[in-house]
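Notes follow once the structure below has been shown.
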Amino acid sequence: MPRVDEEFLSFFADLKIIFYGAGSIRTFATEEMWRRGVRVTSAAAANAESVVEFTVAQILLAVKNALFNERPYRATKNTPTSTATATSAPHSASSPWNG
C-alpha cells in the first residue's frame, strides 16, 4: 500500500475511505490523510485471533516434530509400522522413521 500523502491524494482528491484488509495502517497513514478527513477501516483486530491460533498450532506441531515425521509418510504413503510408543524419542536410532 503506498503512503497516502499529498501526492497520492492529488490523484484521488475525492477519496473518502480506505478499506484495509491487512494489519497496521502505520505504513501508509499520514497527517495529510487525516487532515483531509479520509477514514480508514482495518481488519487488524479481526485477524488477531486467527494469527494467535495459527501460531499456537505451529508451535504444537514443532513440539511434536510433525514436519520431520511427515517426510517418511509422504515418501511411502503408508502409516508407520513401528512398535514405537509415544514416549520414544523422535530421533532415536531404532526408529524406522529416521531418514
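Data for the structure
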item: Order by protection proxy (mean Cβ within 10 Å, highest first), peptides 52-61, 32-41; result: 32-41, 52-61
item: Cα→Cβ-extended label distance, 7 Å offset, between ARG36 and LEU61, nm; result: 4.2
item: When the stretch 1-42 is reduced to its Cα atoms, the Kirkwood hydrodynamic radius in Å; result: 10.3
item: Size of charge dipole - the stretch 15-63 - debye, nearest 20, with Cβ of Lys, Arg +1 and Asp, Glu -1, no other charges; result: 340
item: Amide H partners (placed H, <5 Å) of ILE18, local residues excluded; result: ARG39, VAL40, THR41
item: Under Karplus coefficients 6.51, -1.76 and 1.60, residue-wise ³J(HN,Hα) of the stretch 4-14 in Hz, glycine/proline x; result: 8, 9, 4, 5, 4, 5, 5, 7, 10, 4, 8
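Readers should treat all values here as calculations from the given coordinates under stated rules, not as data from a laboratory. What you see is a predicted model, and the numbers here were worked out from it, not measured in a lab. Quick reminder, even Gly has a Cβ in these numbers, built from the backbone with ideal geometry, and neighbours come from all protein chains shown.
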